[in-house]
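Presented below is the structure to which this report refers.
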Amino acid sequence: AQEQLRQAQKMEAVGQLTGGIAHDFNNMLAVVLGGLELAKRHLHTGGPDAQKHIENAMEGANRAAALTRRLLAFSRAEPLLPEAVEAGALIDGMTELLDRTLGDGIAVETEDAGKGWRIWVDRHQLENALLNLAVNARDAMEGQGTLSFVTGGITLAENEVGECVAGDYVTIEVGDTGMGMTPEVLERVFEPFFTTKPVGKGTGLGLSQIFGFVRQSGGEIGIDTAPGKGTQVVLYLPRHVGEGAVPEAAPAAEDASEK
Ligand code: ADP
């Protein structure tokens, strides 16, 4: 019975993962289709922007290809591919993609209040997580409002946020001026398949997937929200100390000698 339970849990995890990937893939296809649609229009009018839109579509397609490569890597049980990432720079690198994804009515503001701390994290997964949060924010703002990304650094005591261990964290706060959430919605947002969006629009897998990724990366998530007041999602990701490609001994390594 124990083995059956474990098998069932494993199948559930696989189902969640597959759905999460379909969700991301859908976002990327939206970028591809949007770019092609615009390119088509410009071809008709003979405008010079067609090339640019095709390049945008290609970027979306490349992202989708990278995602399927990761899926293959996962099915071979390969781990995440973490590297030292500077959050502010990563977000700056996403501004064009965000502008295209969000549409004209939504302004994007970024503020780097960080201390230059870096994160040891899978860069592509983090980009996907931020893109997912941006799409949620867009939906909550119904086309009008401000999306902000604020990066920072904080030293947390043990369990100060969720189940974090004591230490330095890079924070990435994704804020919107949208409809916000009721306490009932907030309580359930990390549940797989929980969605308040119409059928065909929401899968309910965005936040549960982000939660899984952040926890797997040694981090935590906090959400500050109220109906009519907008939403702030804060990712706490453990600080990477060390210069090179290899992370310096994490706190957990201290007792390695005893094993
Ligand atoms: P989906 O976006 O497919 O519904 P998520 O897991 O990403 O799945 O989100 C679950 C639910 O949480 C959403 O349906 C919505 O009700 C709520 N939600 C998520 N992000 C926001 C936000 N920024 N503002 C308001 N509600 C949100």
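The values are calculated or read from the model by the stated rules, or taken from the named source; none is laboratory data. Note that this is a predicted model, so its numbers are computed, not measured. No Cβ is skipped: glycine too gets one built from the backbone with ideal geometry, and neighbour counts run over all protein chains shown.
Would you tally the residues in segment 57-88 being among the hydrophobic types (A, V, I, L, M, F, W, C), under 21 Å from W120 (Cβ atoms) and modelled with pLDDT under 95? Number satisfying all stated conditions: 6.
Among the residues making up segment 199-212, a single one is near the ligand (Cβ under 6 Å from one of its atoms) and more than 17 Å from R138 (Cα to Cα): S208.
Scoring K229 on the criteria (1) within 11 Å of the ligand (Cβ to nearest atom); (2) outside any loop (DSSP other than H, G, I, E, B) leaves a single failure, condition (2).
Among the residues of segment 102-119, those that are modelled with pLDDT of 90 or more, in contact with a Lys or Arg (Cβ under 8 Å, 6 or more places away or on another chain) and of a type outside the set (D, E, K, R) comprise L102, I106, W117, I119.
Here A250 meets each of (1) of a type in the set (A, V, I, L, M); (2) at pLDDT 95 or above; (3) surrounded by 14 or more Cβ atoms within 10 Å (Cβ to Cβ) with one exception, condition (2). The C-beta contact set for segment 136-152 (first residue over 17 Å from K229 (Cβ atoms), second residue part of a helix (DSSP H, G or I) and of a type outside the set (S, T, N, Q), distance under 7 angstrom, 6+ apart or interchain) comprises R138/L102; F149/I91; T151/A87; T151/G88; T151/I91. Restricted to segment 182-198, and to residues there that are closer than 10 Å to S208 by Cβ and within 6 Å of the ligand (Cβ to nearest atom), the residue that is surrounded by the fewest Cβ atoms within 10 Å (Cβ to Cβ) is F194.
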